[in-house]
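The values are calculated or read from the model by the stated rules, or taken from the named source; none is laboratory data. What you see is a predicted model, and the numbers here were worked out from it, not measured in a lab. Here Cβ is always computed from backbone atoms with ideal geometry, including for glycine, and neighbour counts include all displayed protein chains.
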Amino acid sequence: MKRKLAVASVGLVMLLAGCANNTNVIEGDVKTISTSTGESFPQAGAEEKQEQKTEATVEDGKKEKGYVFCYNDIVIEIDAASASVIKQLGDANSYFEAPSCAFEGIDKMYTYNGFEVDTYPLKDGDHISTVIFKDDTVTTAEGIGIGDSIEKVKETYGGDAADENGMLVYDKDGMQLCFIVEGGRVISVEYRSTVLDA
C-alpha cells in the first residue's frame, strides 16, 4: 500500500508543481466529463482486468523514439500526440486535470489498470509526458516491472544508467526510462519526457 501511495504521490506532485488552482479530480462511475477547454472524455470505474501484451504490432517501417510502453497492442511513445493513444486505451478509471505550469493549456492525468498516462498541451494538441506504473501487473516492453531486482534491470538495459539518489535513469532519444529502487528491488517505473528539463 505504501508503494502505491508513493507512486501516486510522485505523479500528483509532478502534475501540480506550483499549479494548484482550478483542478478537477474525477473518479468512479462518471460517464463523460468536459474540461475547461470544452473537450469530453469518457470515464468509467472499469474493474475488469485485462492481460497486458507487452509487444505491439507496429506499422512496417515505423520507428519509435526512445523506450516505448506497449499495452494490449497499443504503443505509447513519450512526446507523441496523445489523442489516438487515449482513444485506443478507452475509458480511464480516473481523470485529473490542472492548468499547466510550463505550457499554455491543461495538463491531464489518465489512470488505467496498472498504469497512468500524463499529458502536456502544445498548440497542435496534447502530448504524452509521462507513463507511470501503479502496480506489478504491467511491465516494460523489455519485461521489467515493479518487484524486479536491480540486477535484472541492469542485465536488461545495461549498467550505464545514471544513479540519481536511488533512481536508475536511462536516457534515449530525448526521453528517460526511470526505475526507483529500494532494498535492491524496483518500486516504481516511469517513462518521462525531457521537454521540461531545458
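Yes or no: residue 118 under 12 Å from the mean Cα position of the chain (by Cα), surrounded by fewer than 20 Cβ atoms within 10 Å (Cβ to Cβ) and not aliphatic (A, V, I, L, M)? Considered against the rule, which asks whether it is under 12 Å from the mean Cα position of the chain (by Cα), surrounded by fewer than 20 Cβ atoms within 10 Å (Cβ to Cβ) and not aliphatic (A, V, I, L, M), residue 118 comes out as no. Taking the stated definitions as given, is residue 81 among the hydrophobic types (A, V, I, L, M, F, W, C), surrounded by 14 or more Cβ atoms within 10 Å (Cβ to Cβ) and modelled with pLDDT under 95? So residue 81 does not fit the description; no. Among the residues of the range 77-95, those that are touching a residue at least 60 places away in the same chain (Cβ under 8 Å), at negative phi and of a type outside the set (Gly, Ala, Ser) comprise 78, 93, 95.
Determine whether residue 71 is modelled with pLDDT of 50 or more, in contact with a helix residue (DSSP H, G or I) (Cβ under 9 Å, 6 or more places away or on another chain) and either closer than 30 Å to residue 170 by Cβ or surrounded by 18 or more Cβ atoms within 10 Å (Cβ to Cβ) (or both). It would help to see each step written out before you state the result.
Working: modelled with pLDDT of 50 or more: yes; in contact with a helix residue (DSSP H, G or I) (Cβ under 9 Å, 6 or more places away or on another chain): yes; either closer than 30 Å to residue 170 by Cβ or surrounded by 18 or more Cβ atoms within 10 Å (Cβ to Cβ) (or both): yes.
For residue 71, the condition - modelled with pLDDT of 50 or more, in contact with a helix residue (DSSP H, G or I) (Cβ under 9 Å, 6 or more places away or on another chain) and either closer than 30 Å to residue 170 by Cβ or surrounded by 18 or more Cβ atoms within 10 Å (Cβ to Cβ) (or both) - is met.
Filtered by the rule that a residue be loosely packed, with under 15 Cβ neighbours inside 10 Å and closer than 21 Å to residue 128 by Cα, the range 140-161 gives a lone residue, 142.
Among the numbered conditions (1) under 14 Å from the mean Cα position of the chain (by Cα); (2) assigned to a loop (DSSP other than H, G, I, E, B), the only one that residue 110 does not meet is (2). Checking each residue in the range 162-198 for being over 19 Å from residue 133 (Cα atoms), free of Cβ contacts under 8 Å to residues at least 12 places away in the same chain and not acidic (Asp, Glu) picks out 162, 165, 198.
When 128, 146, 187, 180 are checked against the criterion of being of a type in the set (A, V, I, L, M), part of a loop (DSSP other than H, G, I, E, B) and either under 27 Å from residue 94 (Cα atoms) or more than 16 Å from the chain's Cα centre (by Cα) (or both), a single residue qualifies: 146.
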